[in-house]
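Asker: Below is a structure I'd like to ask you about.
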Amino acid sequence: FAAMSCTNESLQYVTYPSATLAKSCKLIPTMLMGYYVEDLRYKKGEVVGVILITVGIVVFNLSRITSDASSEEERDHPFGIFL
């Protein structure tokens, strides 16, 4: 419920494609919960893959924020990406 609420709220601040891409960053909290709560162990390749995916998404979104947009409404706000 909370994830859906944050997603819907974030759409007021970011474009839909950015919100969809940002959802992929949930790999890190999922992996951390698996490690601490379910006592799962991950291979180094899996951890590196998750980090690379997350860094790629963050770089992509930050580059879109700082690039020039034709109007203010088309730009993504950092608060929306955080949500």
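No value in this document is a laboratory result; all are computed from the given coordinates. Values in this document were obtained by computation on a predicted structure and should not be read as measured data. A quick note on method: Cβ atoms are made from the backbone with ideal geometry, for glycine too, and the neighbour counts reach across all protein chains shown.
Asker: By per-residue mean of other Cβ atoms within 10 Å, what is the highest-first order of 48-54, 3-9, 37-43?
Answerer: With the highest mean Cβ count within 10 Å placed first, the list reads 48-54, 3-9, 37-43.
Asker: Just add up the charged neighbours of residue 50: K/R +1, D/E -1, any other residue whose Cβ is under 12 Å from the Cβ of residue 50.
Answerer: Details: positive: 26, 43, 44; negative: 46.
Neighbour charge sum, excluding residue 50 itself: +2.
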